[in-house]
Every structure is written in C-alpha cells, then in structure tokens.
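The structure appears below as structure tokens.
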Amino acid sequence: MNVDTNSETISEAATCCGSVNGDALTESEADELAAALKALADPIRLRLVSIIATSPTGEVCACDLPESLERSQPTVSHHLSLLVNAGLLEREQRGKWAWFRLRRARLGELSALLAPSSTSSPATEGNP
C-alpha cells in the first residue's frame, strides 16, 4: 500500500466533501444532553413532567402526585429527586410539603441542543 496515495485520497475527500463537524454537539454538550435525556427516559418521570407542565398554576404539590400516578409516595419522591438532580425541576419546600415546577429555561437549553442550526444546507430545504 502506498502511503502517499492514501494521503492524497484522504486530502481529496476532505476538500471535496467538507467538514462533518459543523454545529455538531461537543463532547461536553453530548454528555449533558445524555444525562438529561436519561432522567426523562422513564414513563413515570415523563408523566411527572407532563403533569407539572400542564398544571394551571405551573406548579404541583408533591402530595397530589402519588394519587395522580397511582404510585407510592416513596416511588414518586425518588422520581422527582432524579428530575431535580438533572436540573429539569425546581423544588420549593413549603411547610410539610414540597412544590415542584419546571425549569423551563433548562428545557429550552436542551431543546436548543437538539435543534438543527438556523443555517441549513440546500439538501435540507425541501429537497429530498
């Protein structure tokens, strides 16, 4: 195998095809996104986020969640803790009960990491 020929082929491919990095996630962004998605990758936690997101007041007392989910209080508390630790929920203690609300800014950040860049290539603008 000729090393010079191989180097030329690699160089030609880079020139002809361009970079694949573009606006791709960095390793740090991918780690952060994976941790948040892992926290959401559970039906109970998705339901918790949905219940809180659709609450008319934007927040929910922990006391109301076990019945809504048909799960025990310790189970619900465990799932809420995971969502708080992932930065997806805020927790506020009011007397005996904890109240939870979404960290909408954090969800927006995650959404932005998943969204394609605003500058799209011609291939993505309606061309099959």
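Exactly one residue out of 39, 30, 35 is in contact with a helix residue (DSSP H, G or I) (Cβ under 6 Å, 6 or more places away or on another chain), at pLDDT below 95 and part of a helix (DSSP H, G or I), and it is 39. Screening residue 71 against (1) surrounded by 15 or more Cβ atoms within 10 Å (Cβ to Cβ); (2) in a helix (DSSP H, G or I) leaves a single unmet condition, (2). Of the residues in the range 50-59, at least one is of a type in the set (Val, Ile, Thr), at pLDDT 95 or above and part of a helix (DSSP H, G or I).
Considering the range 74-113, and only residues there that are in a helix (DSSP H, G or I) and of a type in the set (Lys, Arg), the residue that is farthest from residue 57 (Cα to Cα) turns out to be 106.
Remark: residue 75 falls outside the filter, which requires a residue to be more than 16 Å from residue 98 (Cβ to Cβ) and either among the β-branched types (Val, Ile, Thr) or modelled with pLDDT of 95 or more (or both).
Across the range 53-64, what is the total count of residues that are under 19 Å from residue 96 (Cα atoms), out of contact with any helix residue (DSSP H, G or I) (no Cβ under 8 Å at 6 or more places or on another chain) and in contact (Cβ under 8 Å) with a residue 24 or more places away in the chain?
2
The single condition from (1) at pLDDT 95 or above; (2) out of contact with any Leu (no Cβ under 6 Å at 6 or more places or on another chain); (3) surrounded by 13 or more Cβ atoms within 10 Å (Cβ to Cβ) that residue 100 fails is (2).
The values are calculated or read from the model by the stated rules, or taken from the named source; none is laboratory data. As the structure is a computational prediction, the values presented were derived from the model and not from experiment. FYI the Cβ positions are ideal-geometry reconstructions off the backbone, even for glycines, and counts take in every protein chain you see.
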